[in-house]
1. How big is the charge dipole of the range B:121-195 about its Cα centre, in debye rounded to the nearest 20, if each Lys and Arg gets +1 on its Cβ and each Asp and Glu gets -1 on its Cβ?
2. Compute for chains A and B the buried accessible surface, both sides summed, probe 1.4 Å, and express it in Å² to the nearest 100.
3. Carbon and sulfur: what percent of the range B:5-97's accessible surface (1.4 Å probe)?
4. Per 0.36 nm of contour for each residue apart, how much would the distance between residue A:40 and residue A:67 grow if the chain were fully extended, relative to their Cα-Cα spacing?
5. Need one number for the range B:5-97: average projected area of the convex hull over its C-alpha atoms, nm².
6. Multiply the residue separation of residue B:167 and residue B:124 by 0.36 nm, subtract the distance between their alpha-carbon atoms, and state the gained length in nm to one decimal.
7. From largest accessible area down, sort B:133, B:179; use a 1.4 Å probe on the protein chains.
8. Between residue B:79 and residue B:183, with labels modelled 7 Å along Cα→Cβ, what's the label distance in nm to one decimal, could you check?
Amino acid sequence: MTALTPDAAMAIISSHGADAARWPADVAPALKALAARDAAVAAALAEAQALEADLAGWLAVTPALAAVDVAAITAHRQEQPQEQPQEQPQEQAGRARRSASWRPALVAASLTMMLATAGWLAMPGAGPISPGDQSPNTPARSPSAVAEADETGLVFAQVFTPTAAEEDLI
Amino acid sequence: MRMDARASGPGTAATSVATALMLRVADGDAAAFTALVRQLERPAQALAWRTLMDRAAAEDVCQRAFLRLWTHAARFDPARGTAEAWFRRILVNLCLDRRRAIRPVQAMADGFDMADPAPSPEAQAIAADTSARVEAAMARLNPRQRLALALFHGDGLSMAEIAEQMETTAKAVEGLLGRARNEMRTMMNETMNETGL
């Protein structure tokens, strides 16, 4: 029989309760013997029995709850075990090849777009800037810079503005 | 909830009626599902109520647990345990997930209002008062402690079975139960002293 201290016995009663049938089998005989001769253990056992009697009354009563709505549940689709089949290796390889072919093209296109945008922004006078848009802190542009910008705008207009004949065609 | 707890081991799964029904449910058999619900419903409601102590929450959790049982039926593996144990685990998880959304059920002082106010014999009054004190003390426990008490005392599960359901160790369950019982005893003694009973 395993030796048991009163503290250890009370810890077992505290966690396992007063029912000897539910105590660990290796310590149950020792605990019973200790409860018979140790007043503190006996008191702990009596207290646990009282608590369990109170608990049993509470556990016996369950309010009537609404029945489970079976129809609402079976209206749902069941998850199928093979809902997401494993991809075959050749499919994976094909997907990887396709991905490998368009990704560099996408990167190159993005870079080209960025460079073109940066270049256009770097051009003096690029973008529609009205006099009101300039903050007081913006340094005034030199007359030559203004002239250069005007010239660039003129070239742009010449290239992209349709002639009268072209307007008719449009 | 006494859902065939003793037969929850892997080797005994095939003998469970619920497990046989569950295998049919996995094939989409709605009639088997209805039969399974009728078998597991009451103990499930009892466990949900004891853990959550809130009628609406308990009903909702039961509905969700059975919905999950239906939709995820294909995942059930009889080699790993009975349908009862599998379903109880779903229910326990939902109860524990739900617990954060629920406020403490009832303050200790309010617990006494639950006793039947009608005049009754002394024994009935004492019983009603005891029941109210237990209810109030349970309401103040941590839901995990309530769940452990309900599984141990209500369903008769062993420490190992509770540990499996709560995804913890048997040692941790022992500690949980020990603290739960100590707190309950303290709270009940306090109210007994306050009311002079």
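The values are calculated or read from the model by the stated rules, or taken from the named source; none is laboratory data. Computed from a predicted structure; not experimentally measured. Because the Cβ atoms are built from the backbone with ideal geometry, glycine has one as well, and the counts that use them run over all protein chains shown. When the accessible area is computed, the model is the full protein with side chains, heavy atoms only, and any ligands, DNA or RNA have been set aside. Shrake-Rupley method; radii C 1.70, N 1.55, O 1.52, S 1.80 Å.
1. The dipole of the range B:121-195 has a size of about 200 debye.
2. 3600 Å²
3. So the carbon and sulfur contribution to the accessible surface is 52 percent.
4. On the way: separation 27, 0.36 × 27 = 9.72 nm, distance 4.74 nm.
So the chain would gain 5.0 nm between residue A:40 and residue A:67.
5. 5.4 nm²
6. Extra length available between residue B:167 and residue B:124 comes to 11.4 nm.
7. B:179, B:133
8. So the label points at residue B:79 and residue B:183 sit 4.1 nm apart.
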